[in-house]
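The values are calculated or read from the model by the stated rules, or taken from the named source; none is laboratory data. All of these numbers come straight from a predicted model, not from anything done at the bench. Cβ: placed from backbone, ideal geometry, glycine included. Neighbour counts: every protein chain shown. Keep in mind that these areas ignore ligands, DNA and RNA; they rest on the heavy atoms of the full protein, side chains included. Shrake-Rupley method; radii C 1.70, N 1.55, O 1.52, S 1.80 Å.
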Amino acid sequence: MNADNKDQKKLIRTSYSKDITPDFDEKNITVIGWIVSIRKQGKIYFIMLYDSTGPLQIIIKKGVSHDDIFAQAETLKEHSSIAVQGIIKKSDKAPKGVELHPEEISVLSTTNKIPPFSLYGGQLPNIDKRLDIRAVDLRRPSAQSIMKLRAKTLQSIRNFYIDCDYLEVNTPKIIATATEGGSALFPMLYYDKEAFLTQSPQLFKEQLVLPFEKVFEIAYAYRAEKSRTLYHISEFISVDMEQAFIDYKDVLKIIEDLLLHIKNDLLETSSEHLELLDSKDWTTFDSIPSVTYNDAIDLIKEVDSKIEWGDDLSTKSMDILSKKFPHFYYVTDWPSAGKPFYIKCEGDYSESFDLMYGNKELASGGTRVNDKDELIDRLKQKNLNPNGFDFHLRVFDYGMPPHAGFGLGFERLMMTIANQTNIREVGLFPRDQHRLSP
Ligand code: AMO
């Protein structure tokens, strides 16, 4: 019986792909999914079917399968959705050691167009072509692995903080004043006033240590990035934590524990995705080394004599550092001048750090200023008007505890975890200066 038969009974799914093991040998099952590839070798069709849980190989052999089924195989197209009822056979050659021999195939949706790339293997076109039909692009097995790792990593981060008694918070995304420098703000009309999309939850998370002591947030942040790079997007997930009664050195330990927790979770639950993406290298750490900014400058100077104390670390400088530190590491105690107003400074140095992976910055954080007068001075030094921060400063009159925290660029972390060089590959629908859809 095939799709053209109007009397055909509806096939009901009995199994998901991930549950079908060699123990299913000779079992009669029904699966539903979409066709990722069809190959014909001589008198055999090999169909790779995917459902939400992964792949299953379907085999249709002339002379073995029913003639109707063999004829129907000729008409099937990649991307179509099908329901397949048939018998599972053990097979050492098939992925997962099983293949499905169909007795009935029902086509649930067919395709009108052939996408400009194959889902399975072959040369991929430029990322922009793929992003234009991103939902289709996300059917590629490696994209599926990236997104599954992404979801597992989010879950792992959330569990880590909840298990350590942090309160999950959600702070406003429509804000009145900049926190991370004025140049990268997205302005918007808020009724009759100008407002902005948040660049980070910085001031809110600091305020929330006053009532809650330990908070975390996982939410979008927005930066109007003018240049198109492989690691900047306009809308990214910022993973933030803030905690009272600790300083930046304590935060370094918390991040190390968080990353070890993520590593163990992913190795336990998602090693097939890490293997498919050839991304085991980042898991080879047990601790995170630290280098001070001063020592980092000395190391860079050995290769690039032009760098001066006080310079930010350029891509070239980070490339040089990454030769010495190819995995996770911290650069600590940055010069005060380059740091935002809320970071605690002592003379020329600040109690701050960046978390790096090779030549990429993944996170930054530090001890915060918790004295109101000092905070007002720092705002003035940065040419910011303290009146614009009244909503924040007034809380500091009520015993703001000493505190510290950090913000991590989730997509940058995912570039590391999923072994990707373009940040757009790890977001579902990435936004940049040139892309506002889909
Ligand atoms: P910072 O501005 O360094 O610090 O941002 C924190 C981290 O966010 C990521 N990030 C980005 N990721 C993708 N695209 C972008 N355009 C982008 N901009 C930033 C980076 C960066 O390390 N409030 C402080 C954090 C803190 O001190 O708690 C802050 O926002 O990975």
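Remarks
- Listed residues Y349, V31, Y16: farthest to the positive end of the dipole of the chain (Cβ charges): V31
- Atom-type composition of the exposed protein surface of the chain places 51 percent of the accessible area on carbon and sulfur (1.4 angstrom probe).
- Residues whose amide H comes within less than 5 Å of that of L108, counting only those at least five positions distant or on another chain, are S81, I82, A83 (H built at 1.01 Å from N in the peptide plane).
- Counting only Cβ charges, +1 for Lys and Arg and -1 for Asp and Glu, the dipole size of the chain around its Cα centre is about 1980 debye.
- Exposure rule at most 12 other beta-carbon atoms within 10 Å, DSSP loop chymotrypsin sites (Phe, Trp or Tyr not before Pro): the chain longest free segment: 1-190
- Prolate/oblate/rounded label for the chain (Cα gyration tensor, a/c 1.5): prolate
- Note that segment 366-379 has calculated 3J(HN,Hα) couplings of x, 6, 9, 6, 10, 9, 4, 5, 4, 5, 4, 4, 5, 4 Hz, one per residue in order, obtained from phi through the Karplus relation 6.51 cos²θ - 1.76 cosθ + 1.60 (θ = phi - 60°); glycine and proline are x.
- Prolate/oblate/rounded call for segment 112-187, Cα gyration tensor, a/c under 1.5 rounded: oblate
- Degrees separating the helix 202-212 axis from the principal Cα axis of the chain, which is the longest one: 80 degrees
- Inter-part distance where segment 199-274 and segment 305-326 are each reduced to a Cα centre, Å: 24 Å
- Annotation: the antiparallel percentage among DSSP beta bridges lying fully within the chain is about 90.
- For segment 5-109, accessible area per residue (1.4 Å probe, heavy atoms of protein chains only), Å²: 52 Å²
- With all protein chains in place and ligands, DNA and RNA left out, the 1.4 Å accessible area ranks C164, C345 as C164, C345, largest first.
- Choice from I423, I29, I12 with maximal GNM fluctuation in the chain (Cα, 10 Å cutoff): I12
- Using alpha-carbon coordinates, inclination of helix 315-324 to the longest axis of the chain, degrees: 80 degrees
- Ordered from largest to smallest accessible area (heavy atoms of protein chains, 1.4 Å probe), the residues H392, H273, H66 come out as H66, H273, H392.
- Gyration tensor verdict on segment 5-109 (Cα atoms; rounded if a/c is under 1.5, prolate if a/b is larger than b/c, oblate otherwise): rounded
- Ranked by solvent-accessible area (1.4 Å probe, protein heavy atoms only, all chains present), the residues K301, K382, K263, K9 order from largest to smallest as K9, K301, K382, K263.
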